[in-house]
Amino acid sequence: MYWGGNSATRQKSRQAVCRQNLQKVYLGIEIFGNEHQGKYPDKPGARTAAEALDVLVPRYTADTSGFICPGGKDGPLPGGESIAKRKISYAYYMGRSSGNSQDALLTDRQVDTKSKVVNQQIFSITGKPPGNNHKQYGGNILFCDGHAEASPPNSAFSLVLTQGVVLLNP
C-alpha cells in the first residue's frame, strides 16, 4: 500500500519527531533559564521567534536542527550560527519563566498571534498556511515544564497570553 506524502500516518510520525525537536530546544531554554534566575529568553522589540531565541545559539545549543519542524517546509539551518535573521518553524511565548509549568512555551507555527481558549483554532484546518506545519492534522505544544503534547487544529489547551507575554510566530 502506498502512503503518499500527505497521509495522516506520515504526518503523525512527523509530529512525533517534531515533539522531540521541541524538547531539544527546551533543553537550551532551560539551561538559559537556570543561568538567568528562571527567566527564559526575552528580547525587547523582537518580531519573530528566531530573533528572541537567537541568544541560545551557540552558547546553549549548537544543534540548530531542533528549530526546524520535519512536517513543515522550512529549510535546514547552519549549525552553531545565529538564527536571528533566519526562519524557524516554531512560535515562542516570549516573557515566560520556569515557574509557569503549565503554560505553553513553544508551539508549531500558529494561525495568528492572539490568545486562544480551548476549542479555538490554533493550527490550520485546511492544510494551507498559516499554521500548517503538519498540514490539517494539528500541531505540537511544548509547555514550560518541558513536556510536549499534540493538539488538533482547534486547541486542546488554553493558550492565553498573560501580562508581559507575547506570542512570536516564525
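None of the figures in this text is laboratory data; all of them are computed from the coordinates on show. Please read all numbers here as calculations on a predicted model, not as lab measurements. Glycine also receives a Cβ, built like all others from the backbone with ideal geometry; neighbour counts cover every protein chain displayed.
Go through Lys43/Lys135; Lys24/Lys87; Lys12/Lys85; Lys24/Lys128; Lys87/Lys128; Lys114/Lys135 and tell me which ones have a Cα-Cα distance over 25 Å in this structure. Exceeds cut-off: Lys43/Lys135; Lys12/Lys85; Lys24/Lys128. Compactness of region 1-71 was expressed as the Cα radius of gyration divided by 2.2 N^0.38 Å, which yields 1.39. What do you get for the angle between helix 8-35 and the principal long axis of the chain? Use alpha-carbon atoms, 0 to 90 degrees, nearest ten. Value to nearest ten degrees: 0. Given a Förster distance of 41 angstrom, what is the FRET efficiency for Ser13 paired with Ser101, based on the Cβ-Cβ distance and rounded to 0.05? According to the calculation, E is roughly 0.90.
Considering only the Cα atoms of the chain, their convex hull presents on average a projected area of 9.3 nm².
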